[in-house]
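No lab work stands behind these numbers, since they all come straight from the coordinates. All values reported here derive from a predicted model rather than from experimental measurement. Note that each Cβ is placed from the backbone with ideal geometry, even for glycine, and that neighbours are counted across all protein chains shown.
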Amino acid sequence: MTGDKKRFVTITIDGPAGAGKSTVARRVAEKLGFEYLDTGALYRAVTLYLLEKGISPEDSEKMKEALDDLYVRMDSGRVFVNEEEVTAKIRSVVVERSVSDYAKLPLVREKLLKIQEMEAEKNDIVADGRDMGTTVFPRASLKIYLVATPTARALRRWKDLTGAGVEITVEEVKEQVRKRDTLDTNREQSPLRVPSDAKIIDTSEMEIAEVVAKIMEIAEKIRRQEGEKSQ
């Protein structure tokens, strides 16, 4: 990092599904004036793209060819796949149920890694996901790991889905969360785990504003410490 760069070039916020990563990351990015890199949306966009092309996770030959023709970009919270906006479509239950099957594939992860690295080279970013601090940005200046009880996470996800007009029960969402946790923690490629140097925050009983304030407090403390070291 050069001397004229901001101290927090990259902040990662990892954690399991429903821990509040996306909402928190957006607000932290807004407060810092950083770009928000919604990695979950990127993976959902790829999943949607492959599903619509009828390419299964097992069909690596067709997948490689399809991914070569894929371009994903984000603009002010909107997601585009080959210039078609898919912001709403990537939040469907079908995509939610399939995203882990595709996200664990080396071909998909290699494609997304390139996209994410390019974003980090252009902007100061806040990136949320499940392997941001361990695999994608191992040298991030600040790594946060959010945790919450399975019940709290399922309720949050259920509210998001029903608020978007999806008909689903809390119990169904709890089962989705349970399966997602199992898949994410046991996958071969970049499994969900806590970065060794991450600050862990339990959000079960916290409001979003409290979580954001806590992260800003940590960020400011590190900023002051680094400033003192450079004097």
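Each residue of segment 20-32 is assigned a 3J(HN,Hα), and the resulting list reads x, 4, 4, 5, 5, 4, 4, 6, 5, 4, 4, 5, 8 Hz, derived from the Karplus form 6.51 cos²θ - 1.76 cosθ + 1.60 (θ = phi - 60°), x at Gly and Pro.
Within the same chain, lysines fewer than 8 places from Lys64 are excluded, and of the rest, those with a Cα less than 29 Å from its Cα are Lys53, Lys89, Lys104, Lys111, Lys114, Lys122, Lys179. Compared with the dominant principal axis of the Cα atoms in the chain, helix 39-52 is inclined by about 10°.
For Ile144, nonlocal amide neighbours, meaning residues 5 or more places apart or on other chains whose placed amide H falls under 5 Å from its own, are Thr12, Ile13, Asp14, Lys199. Going through segment 165-231, which GluC sites (Glu not before Pro) have at most 15 other Cβ atoms within 10 Å and a DSSP loop state? Answer in residue order: Glu167, Glu188, Glu205, Glu207. Only Cα pairs under 8 Å and 6+ residues apart enter the sum, and on that basis the relative contact order of the chain stands at 33 percent. Whole-Hz Karplus values for segment 78-93 come out as 8, 10, 10, 10, 6, 6, 9, 6, 10, 3, 7, 5, 6, 9, 5, 5 Hz, taken residue by residue from phi with 6.51 cos²θ - 1.76 cosθ + 1.60 and θ = phi - 60°; glycine and proline positions read x.
Sequence-ordered 3J(HN,Hα) estimates for segment 126-133 from the Karplus curve with 6.51, -1.76 and 1.60 and θ = phi - 60° stand at 10, 10, 10, x, 10, 9, 5, x Hz, glycine and proline given as x. Residues whose amide H lies under 5 Å from that of Glu35, counting only those 5 or more places away or on a different chain, are Asp124, Ile125, Val126; hydrogens are built 1.01 Å from N in the peptide plane. For the chain, the longest principal axis of the C-alpha atoms and the axis of helix 106-122 are separated by about 40°. Highest average first, the peptides 24-34, 53-63 ordered by how many other beta carbon atoms sit within 10 Å of their residues are 24-34, 53-63.
As a ratio to 2.2 N^0.38 Å, the alpha-carbon radius of gyration for segment 147-196 is 1.29. Could you check how many percent of all C-alpha pairs in the chain are farther apart than 32 Å? Summing the P(r) of the chain above 32 Å gives 17 percent of all pairs. Amide H contacts of Thr87 (H built 1.01 Å from N, in plane; Pro and chain starts excluded): Val79 sit under 5 Å, all sequence-distant by 5 or more or on other chains.
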